[in-house]
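Asks: Shown below is the structure under consideration.
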Amino acid sequence: MRVAILVDNYLTQPSSLRLKLLGEWGFSAYVYDWKILYDTGLSGTALLNNMRALGISPDDPDVLVLSHRHIDHTGGVKKLLDARSRPLTVVAHENLFAKAYARFEVGEVEIGVDFTRDFLESKGVKLVLVRKPYEIAEGVWASGEIPRSWGPSHTGAALDLVPDDMALYIRHPEGLVALTGCGHAGVENIVEYGLKVAGADRLHAIIGGLHFIGLSEARVREVAEYLKAKGPGLIVGTHCTGVSGIAALHAALPGAAEVRGAGAVFEI
Ligand SMILES: [Fe+2]
Ligand SMILES: [Fe+2]
């Protein structure tokens with residue numbers, strides 16, 4: 001299978017120069033095999049620019065899965081829909097439209113979605129709101145709400161526990177492949193639930209935000225040790241994994257952890 005990171009905080013590919021890729025705080029990835037777009041970044045500008053640069057038309061995706069309602073993952077929805085000429089299925093958690101706030105230096109800021117259900121309907125979107133695992137295609141699931149039995153949730157500045165945090169799980173011949181947006185549910189919870197949903201006994205790859213920002217060094221080491229024990233072939237912690245978190249993963253899992261950002265394409 002082939003996965004591309006379309007939007008990310010980081011530009012790690014020298015091809016960014018030639019392709020004029022854009023980076024921004026947020027995340028989006030594309031799974032070519034099933035034409036699934038996972039998240040849309042913050043503004044839509046980076047998403048559309050980078051899609052086109054990588055040869056992906058705005059009309060290519062059949063399904064958009066939103067990892068959670070935060071604007072750095074849902075902020076590209078309006079521009080994406082404006083650029084399309086055919087309907088799109090959008091899979092999201094039931095509380096997609098709930099208000100969301102984060103506390104920053106400047107005070108409390110609203111960080112929820114910037115569109116309404118009426119807007120989606122006016123664009124012909126088929127909206128699928130879920131709480132349980134939702135099978136998009138054979139062996140491919142939007143996780144639904146992820147049970148949290150391990151460690152603290154990775155909420156960062158968010159003022160709620162972000163129960164809507166959903167991963168994309170794919171059953172691969174070599175184990176579970178998981179895409180994660182911000183990783184608010186906690187890495188262990190995301191992986192353990194994915195193994196269960198996909199009926200896999202091993203983690204093959206995890207790509208996306210692991211939300212190590214704000215965690216203690218000891219907790220990051222604990223998560224890295226956990227991942228190591230799962231024997232993954234590929235770990236790409238990016239976006240809100242944070243620079244020191246990415247460095248810690250790289251040090252703990254030298255064979256598996258890669259430092260990659262927007263424009264990276266993986267053959268898995
Ligand atoms: Fe995020
Ligand atoms: Fe988030």
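Asks: Name the shape class, rounded, prolate or oblate, that the alpha-carbon gyration tensor gives for the stretch 118-219, where a ≥ b ≥ c are the square roots of its eigenvalues, rounded holds for a/c under 1.5, and otherwise prolate holds if a/b is larger than b/c and oblate otherwise.
Replies: It is oblate, given that a/c is not under 1.5 and a/b is not larger than b/c.
Asks: Test of understanding: extend the Cα→C-beta vector of Glu135 to 7 Å, then name every residue of the stretch 24-51 with backbone N under 17 Å from that spot.
Replies: The answer is 34, whose backbone nitrogens lie closer than 17 Å to the label point.
Asks: Hey, another quick one. Calculate the spin-label point distance for Lys35 paired with Asp59, positioning each point 7 Å from the Cα along the beta-carbon direction, and give it in nanometres.
Replies: A separation of 1.1 nm, rounded to one decimal place.
Asks: Taking the Cα-to-Cβ direction at Phe104 and at Glu267 and moving 7 Å from each Cα, how far apart do the two end points lie in nm?
Replies: 4.0 nm
Asks: Continuing with the same structure: Name the residues of the stretch 195-214 whose amide N is less than 14 Å from a point 7 angstrom out from the Cα of Ser149 along the C-beta direction?
Replies: Counting only backbone N, you get 195-197.
Asks: With a cut-off of at most 12 other beta carbons within 10 Å, and DSSP calling the residue loop, which trypsin sites (Lys or Arg not before Pro) in the stretch 1-104 qualify? Please list them.
Replies: Taking the stretch 1-104 and a limit of 12 other Cβ atoms within 10 Å, the loop trypsin sites (Lys or Arg not before Pro) found are Lys20, Lys99.
Asks: Under 20 Å Cα to Cα from Lys20, which aspartates and glutamates show up? Leave out anything in the same chain fewer than 8 places away.
Replies: Asp8
Asks: Can I ask one more? Sort Lys230, Lys123 by Cβ crowding within 10 Å, fewest neighbours at the top.
Replies: Numbers: Lys230 20, Lys123 17.
Fewest-to-most ranking of Lys230, Lys123: Lys123, Lys230.
Asks: Could you pull out every whole DSSP H run in the chain that spans at least 15 Å of Cα extent along its own axis and averages 0.0 or higher on the Kyte-Doolittle scale?
Replies: 187-198
Asks: Relative contact order of the stretch 1-147, please, whole-number percent, based on alpha carbon pairs below 8 angstrom and at least 6 residues apart. Before the final figure, lay out the partial values.
Replies: Working: 298 pairs, mean separation 25.6, N = 147.
Once normalised by length, the contact order is 17 percent.
Asks: Kindly state, to the nearest 0.05, the FRET efficiency for Ser244 paired with Asp114, given R0 = 35 Å and r defined as their beta-carbon distance.
Replies: Between Ser244 and Asp114 the formula returns 0.70.
Asks: Can I ask one more? Please give the charge dipole size of the chain, origin at the Cα centre, charges +1 on K and R Cβ atoms and -1 on D and E Cβ atoms. Round to the nearest 20 debye. Write down the numbers at each step before the final one.
Replies: Numbers: 26 positive and 31 negative charges, 76 e Å.
For the chain, the charge dipole is close to 360 debye.
Asks: Now for a different question. For the chain, what percent of Cα pairs sit more than 25 Å apart? Walk me through the numbers before you get to the answer.
Replies: Values: 13563 of 35778 pairs.
Percentage above 25 Å: 38.
Asks: Still on this structure, I have one more. To the nearest Å, what is the center-to-center distance of the stretch 171-218 and the stretch 1-67, using C-alpha atoms only?
Replies: Between the Cα centre of the stretch 171-218 and that of the stretch 1-67, the gap is 20 Å.
Asks: Let me ask something else. In percent, how large is the relative contact order of the chain, given Cα pairs closer than 8 Å and 6 or more residues apart?
Replies: Working: 671 pairs, mean separation 52.3, N = 268.
Relative contact order of the chain: 20 percent.
None of the figures in this text is laboratory data; all of them are computed from the coordinates on show. Since this is a predicted model, take the numbers as computed values, not measurements. Cβ atoms come from the backbone with ideal geometry, glycine included; neighbour counts cover every protein chain shown.
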